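Student: Pasting a structure below so you can have a look.
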Amino acid sequence: MLSLPLLCQGALAADSSGIKVEHLGTNNTLVRVEGDSRYLMIPVQEAYDDATVNVVVDGKLERTVYVRLAKSKVDYAVPFDLSPYKGKNVVLNIVTTQSRSTVREASEDACWSNFALADSISTANVEKYRPAYHHTPLYGWMNDPNGMFYKDGEWHLYYQWNPYGSKWQNMTWGHSSSSDLINWTSHPAAIEPNGLGSVFSGSSTIDTENSAGFGKDAVVAMYTSAGASQVQSLAWSTDNGETFNIYGGNPVLTLDSEARDPNMFWNPDTKLWTLVLAHALDHEMLIFTSPDMKEWTLQSSFGKGEGAQGGVWECPDLFELPVDGGQNKKWVLICNINPGGPFGGSSIQYFTGDFDGKNFKADTDASGKVPTKWLDYGKDNYALVSWSDAPQGRRTVIGWMSNWQYAAEVPSKQFRSANTLPRDMYLFTGDDGQIYAATEPSPEMLNLRDKLTLSKPNISVGKKATTLSLPDHNGGICEILMDIEAPKSGSVYITLGNKAGEEVVMTYSPDSATIAFDRRHSGIVDFSQDFPAVTTAPILKSGKMLSLRIFVDRSSIELFADGGRSTMTNLVFPTQPYSTLSINTSAGKAKVKNLKIYSIKTK
């Protein structure tokens, strides 16, 4: 949840005076800005291609942004902050791609009469599907979380952000912070595009010993500058990540091939910084070391021919965790991949193994091969990475809750995309002897609970469905917990439904040790052929007892089985909230124990 209202639909007291439009040709127009207003409201229509907007201040090019300017109608407006240029002459030199046959025809585009000035902007949410308790950008497009760190009681979350529209472009580090991982405060953009290109994903760390020379306890960020090529750059902050200074010696790392998403951490064993860099098109991760985060030495690579190879490798993370809560430890290498996920599009694979400070060696299975392991068996968890310097030795992670197959087409406009719930990761040994990673909701998520709206210690269910009511306020958002004992029942169906006949069916199949999630009839599904889907997760333990914890928000369902040993994250867009929970079997009887439903707090 953000601590501010959640929309930039338009301006308060917007005024078109102070705007002078001059058409220079069929695809070139000047917009002159006069006066001391705080914002210039830019009209957007998503159906069209980006226009190039060159911001000229006192005759000098200050920046270039790309905006889908409205042609036939205005979908929404986005603010351009004029406050840094107060007292200066501001001109937008705009080049559009929708050329017209005459200047007169070009001048009739909807955007030219809808530029406006405003001293404040409306941030009231009008989106039906904006989540009630997941982090979202205040407005605009969001994808990968990146640069996250914990310091002085605050969790800092940065993310790939387009401030000028709800589709991918103008990659900038947006910034939110939270003291509880639930309520998020939105901050101004942290790192913006510059002469080296857009600001792609990366990581942040706290330099406690001033090894980089930016100051003791400086927050140092490393990110990919994406221009004609992808290179790695540094920035640092001395105000706990509120503002960043760009390092003058950038880029600090260059290669002759595409590489991105640097993730760095201090290794106390080697007393060096370690960097994992995605060698995206080569389907591998590169490992570097450095004494100062500026000069990097390539030590090794990992991944060619290993694991899932169907898409580019992105957004790595590397860390050590205890196994089964004991003294034995293993390293985990997160490797996000797009496409090539188990159910199409983007997903998260990982490897467990050993790391000696230079080389990562993955664990093998009984046949001597490196197995492919997936962290989430839904379609909508990607670019998952962890917070650095998390308290109490925790490994707290968060992902982008969408899929590249349809992220730009989901039915929202003033914003696009949310993050998953924060989760804590741990390692466990499966019945097959393999070591697996689990993600369970972070303990702070218990504070989401409001009222216990239903509690049933023991229910016997059969082929005829037992139907119960979900909370009827706050759009049906809730948390559902249950234990299912199904020794002789065949499959057990857990269905969320509404009065429109829309439903999500989760199917627990004890004989095959799987749980499936069917959203083909969940609501609006026709915006992409890849959205209607059934996803299936393995149950990584023996027996016919399953514990479920399910979080329902306005446009997502996150399912955690057996303490997060199996997870599925899936978007849903019901035309009206789910209002019922039904449980039945394919044959015989099953017991549902400890069924509880909590409503969820919202501001």
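Student: Rounded to a whole number, what % of the accessible area of the chain do carbon and sulfur atoms account for, probe 1.4 Å?
Tutor: Heavy-atom surface of the chain belonging to carbon and sulfur, 1.4 Å probe: 47 percent.
Student: Whole-Hz Karplus ³J(HN,Hα) for the range 289-297, in order, using 6.51 cos²θ - 1.76 cosθ + 1.60 and θ = phi - 60°, x for Gly and Pro?
Tutor: 10, 7, x, 9, 6, 10, 10, 10, 10
Student: Is the shape of the range 408-544 rounded, prolate or oblate, going by the alpha carbon gyration tensor and its root eigenvalues a ≥ b ≥ c, with a/c under 1.5 for rounded and a/b larger than b/c for prolate?
Tutor: Rounded.
Student: Would you mind working out the magnitude of the charge dipole of the chain relative to its Cα centre, with +1 at each Lys and Arg C-beta and -1 at each Asp and Glu C-beta, to the nearest 20 Debye?
Tutor: 1740 debye
Student: Apply the Karplus curve 6.51 cos²θ - 1.76 cosθ + 1.60, θ = phi - 60°, to the phi angles in the range 434-442 and return the couplings in whole Hz, x for Gly and Pro.
Tutor: In residue order, the calculated couplings are 6, 9, 10, 9, 10, 10, 10, x, 4 Hz.
Student: Hey, another quick one. Can you give the accessible area per residue of the range 341-426, in Å², using a 1.4 Å probe?
Tutor: Accessible surface, normalised per residue, equals 31 Å².
Student: Under 20 Å between alpha carbons: how many lysine pairs meet that in the range 455-507, if sequence neighbours fewer than 8 apart on the same chain are excluded?
Tutor: Here the count comes out as 4.
Student: Taking amide H atoms as placed 1.01 Å from N in the peptide plane, list the residues 5 or more away in sequence, or in a different chain, whose amide H sits under 5 Å from that of Arg63.
Tutor: Under 5 Å from the amide H of Arg63 lie the amide H atoms of Val55, each far enough along the sequence or on another chain.
Student: May I ask you to derive the relative contact order of the range 61-172, considering only C-alpha pairs under 8 Å and at least 6 residues apart, and to give it as an integer percent?
Tutor: Once divided by the residue count of the range 61-172, the mean separation gives 26 percent.
Student: Also, quick follow-up: Scale the Cα Rg of the range 495-549 by the rule-of-thumb value 2.2 N^0.38 Å and send over the ratio, two decimals.
Tutor: 1.32
Student: Distance in nm between label sites at Lys499 and Ala47, each 7 Å beyond Cα in the beta-carbon direction?
Tutor: Inter-label distance under the simple model: 3.3 nm.
Student: Remind me, relative contact order of the chain in percent, using alpha carbon pairs under 8 angstrom and six or more residues apart?
Tutor: Worked out over the chain, it gives 11 percent.
Student: Next question, about the same structure. Cα to Cα, under 18 Å, and not fewer than 8 places away if on the same chain: which lysines meet these conditions relative to Lys88?
Tutor: Lys20, Lys60
Student: Here's a follow-up. Each residue of the range 457-471 in order: what ³J(HN,Hα) in whole Hz does its phi give by Karplus 6.51 cos²θ - 1.76 cosθ + 1.60, θ = phi - 60°, with x for Gly and Pro?
Tutor: 3J(HN,Hα) across the range 457-471, in whole Hz: x, 7, 10, 9, 10, x, 5, 7, 5, 9, 10, 10, 8, 8, x.
Student: Tell me the per residue accessible area of the range 108-166 using a 1.4 Å probe; a whole number in Å² is fine.
Tutor: Per residue, the range 108-166 has an accessible area of 26 Å².
Student: Within 13 Å, Cβ to Cβ, of Val199, how many net charges do the neighbouring residues add up to if Lys/Arg are +1 and Asp/Glu are -1?
Tutor: Taking every Cβ under 13 Å from that of Val199, the sum is -1.
The values are calculated or read from the model by the stated rules, or taken from the named source; none is laboratory data. Source: prediction; values computed, not measured. All Cβ positions, glycine included, derive from the backbone under ideal geometry; neighbour counts span all protein chains shown. We work out accessible area using only protein heavy atoms, side chains counted, and drop any ligands, DNA or RNA first. Shrake-Rupley method; radii C 1.70, N 1.55, O 1.52, S 1.80 Å.
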